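The values are calculated or read from the model by the stated rules, or taken from the named source; none is laboratory data. Everything numeric in this text was worked out from a predicted model, so none of it was measured. Glycine gets a Cβ as well: all are built from the backbone with ideal geometry, and neighbour counts include every protein chain shown. Note: areas computed on protein heavy atoms with side chains; ligands, DNA, RNA excluded. Shrake-Rupley method; radii C 1.70, N 1.55, O 1.52, S 1.80 Å.
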Amino acid sequence: MFHILRFDELSSTNDYAKTHGQELSASDVIWATTQTSGRGRFDRIWQSKKDLTFSILFRKAPLSHTILAPLAVVYALRSKGIESTIKWPNDVLYEGKKCGGILVERIYEGNAFRFEVAGIGLNLDQDIPEDLKDKAIALPEGLESEDVLYHILRMYAMLLRMDKDSILSEYRKNSMLIGKDILVQGKVISVLDVNMDGELMVSQDGETSVLRSEEISLAQIYDGR
Ligand code: BTN
C-alpha cells in the first residue's frame, strides 16, 4: 500500500510532504538519506546525518497518527529483537533514552482538512552529539535503514487494518506513561489513558482533563522525590 519516493537530500521530509501534498498520493513515503533542516515538535532542530528519516502522507486514518506511528516503530523494532517503548506524544525510547521522534502535522485549507503527514526519525547513526548523550541514544549497530523502513511500513499497514479498540489497547501496552505520575509545568499529574485523537487523559486533584500534544512539553516522569 505504500509507495516510496527516495531522495539523497532534502531539507525536511515533512516539509517536502507538506509542500507537495496536493500532488502526492495517499500513502506516499518521502524518504531522505540526509535531511539538512529536520524539525521536531515546537520547531526544535532534528539533527541527522545517517539516521532513518521519512514522512508518510495520509488522507484518512482510523485514529490519530500520534498513536499509530510510534506503535508501528515499536512493533518494527521488536520484530528485529529490539525492545523500545513509547513516551507520549512523540518519543520512542530505547534503554530509557530517546532513539526516535515523530512529528505529526495536519494540513488544512481554511477549515477543510486536506492531509496529514507523519514524520519519523530514528537514530541509526552511532555518533550522538556530546550534549545530547544524557537523553538520546542510537539503536544497536548493524541496522540497515532500508530494512528498518520496510519493517515499519509493514507494521503500519497491519495497524491500519486493525480496529480502533485493539490499536488503543496495543498502544497502552507499549506506552511507558500510562499509569505514571508526570510533571507538567511544575505540577504533578497522573496519566490515566490516551484517547483516539492521540490526547493524553490525565487527572489532577480529582479532576480529569486531556492534554494535547501541540500544547505541552513533558518535563519528566515524577518519581515522588
Ligand atoms: C521530535 O522529537 O520532536 C520529533 C522529531 C521528528 C523528526 C522527523 S525526521 C523525518 C521528519 N522530517 C522532519 O523534519 N521531522 C521528522
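Among the residues of the range 29-69, those identified as among the polar types (S, T, N, Q), within 14 Å of the chain's Cα centre (by Cα) and near the ligand (Cβ under 7 Å from one of its atoms) are T53, S55.
D165 meets each of the listed conditions (1) surrounded by fewer than 16 Cβ atoms within 10 Å (Cβ to Cβ); (2) among the charged types (D, E, K, R); (3) in contact with a helix residue (DSSP H, G or I) (Cβ under 8 Å, 6 or more places away or on another chain) apart from (3). When both residues are 6+ apart or on different chains and their Cβ atoms are under 6 Å apart, which pairs have a first residue that lies in the range 65-94 and is among the aromatic types (F, W, Y), and a second that is open to solvent by 10 Å² or more (accessible area, probe 1.4 Å)? As it stands, the answer is Y75/M155; Y94/I137, since those pairs meet every condition given. Restricting the range 110-127 to residues that are part of a loop (DSSP other than H, G, I, E, B) and in contact with a Lys or Arg (Cβ under 8 Å, 6 or more places away or on another chain), the residue that is surrounded by the most Cβ atoms within 10 Å (Cβ to Cβ) is N123. Hey, does the range 16-35 have a residue that's in contact with an Asp or Glu (Cβ under 7 Å, 6 or more places away or on another chain) and charged (D, E, K, R)? Yes, the range 16-35 contains a residue that is in contact with an Asp or Glu (Cβ under 7 Å, 6 or more places away or on another chain) and charged (D, E, K, R).
Scan the range 1-22 for residues that are more than 19 Å from the chain's Cα centre (by Cα), open to solvent by 60 Å² or more (accessible area, probe 1.4 Å) and at pLDDT 95 or above and the total you get is 5. Modelled with pLDDT of 95 or more, touching a helix residue (DSSP H, G or I) at 6+ places or on another chain (Cβ under 9 Å), of a type in the set (D, E) and not in a loop (DSSP other than H, G, I, E, B): is that true of E170 in this structure? Yes, satisfied. Scoring M1 on the criteria (1) part of a loop (DSSP other than H, G, I, E, B); (2) of a type outside the set (S, T, N, Q); (3) within 12 Å of the ligand (Cβ to nearest atom) leaves a single failure, condition (3). For the range 86-96, residues that are buried (at least 24 other Cβ atoms within 10 Å of the Cβ) and either more than 11 Å from the ligand (Cβ to nearest atom) or of a type in the set (K, R) (or both) total 1.
Based on this model, can you work out whether E83 counts as among the acidic types (D, E) and within 12 Å of the ligand (Cβ to nearest atom)? Show your work before the answer.
Values: among the acidic types (D, E): yes; within 12 Å of the ligand (Cβ to nearest atom): no.
Considered against the rule, which asks whether it is among the acidic types (D, E) and within 12 Å of the ligand (Cβ to nearest atom), E83 comes out as no.
Pairing each residue of the range 33-51 that is of a type outside the set (G, A, S) with any residue that is at pLDDT below 85 and more than 6 Å from the ligand (Cβ to nearest atom), provided the two are 6+ apart or on different chains, yields C-beta distances under 6 Å for Q35/S48.
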